[in-house]
Amino acid sequence: MSLNSRSATRKQSAVVRGCMALLAIAIVTALSFSAPAAAPAQQSAQAKMTEDLPSGAMQAKTTTACTECHEARIIVQQRLSKAAWTKEVDKMIKWGAVVDAADHDALVDYLSANFSPDQPPYEPPRTFTGTSTEKVSGKKTSK
């Protein structure tokens with residue numbers, strides 16, 4: 001084997017080793033973001049979408065029909081009359097929400113009972129639990 005041939009072989013070997021290293025890094029990265037690791041996050045997101053819906057006979061069917069496309073928060077912040085909920089449910093059905101015809105009126109009743117204009121205004125959950133001074137300054141204040 002000539003000197004040039006050996007040099008070319010070494011260069012090819014180095015390229016192959018480099019490619020194998022990159023492949024190994026790609027596999028490790030892919031495995032670290034695989035489905036089993038993501039499953040708890042998906043379950044947590046599903047729990048978040050349903051935690052705000054009040055219990056009742058139609059809670060499960062509301063969850064199935066409505067949170068297929070949006071979070072429960074979209075529902076719980078509404079304060080609509082029964083007529084408005086009827087129009088909203090009919091619109092969502094036209095847009096693809098799956099609501100059995102036999103459940104239509106019960107779904108409207110559930111929504112209008114729990115999210116009517118008579119209910120207190122929606123108050124979004126707050127994640128900050130400190131004082132306003134802490135929020136502005138970023139420092140805890142002692143009392």
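The table below lists the values:
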read-out	value
Taking Glu68, Glu123, Glu88 and counting other C-beta atoms within 10 Å, the order from fewest to most	Glu123, Glu68, Glu88
Cα-based Kirkwood hydrodynamic radius, segment 43-114, one decimal, Å	12.2 Å
Ranked Thr86, Thr64, Thr127, criterion: other C-beta atoms within 10 Å, fewest first	Thr127, Thr64, Thr86
Contour minus Cα-Cα distance for Ala57 and Thr127 (0.36 nm per residue)	22.2 nm
Segment 43-114, relative contact order in percent, only Cα pairs under 8 angstrom and at least six apart counted	39 percent
Extension gain from Asp100 to Ile27, taking 0.36 nm per residue of separation minus the Cα-Cα distance	21.8 nm
Spacing of the two label points (7 Å from each Cα toward its C-beta) at Cys69 and Asp90, in nm	1.6 nm
Length released on extending from Asp118 to Ser13, taking residue separation times 0.36 nm less the Cα-Cα span	30.3 nm
Surrounding net charge for Lys61, when Lys and Arg each add one and Asp and Glu each subtract one, Cβ distance under 11 Å	-2
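Quick note: the coordinates plus some simple rules give every number you see, no bench work behind them. Every value quoted in this text rests on a predicted model; they were computed, and no experiment measured them. Glycine gets a Cβ as well: all are built from the backbone with ideal geometry, and neighbour counts include every protein chain shown.
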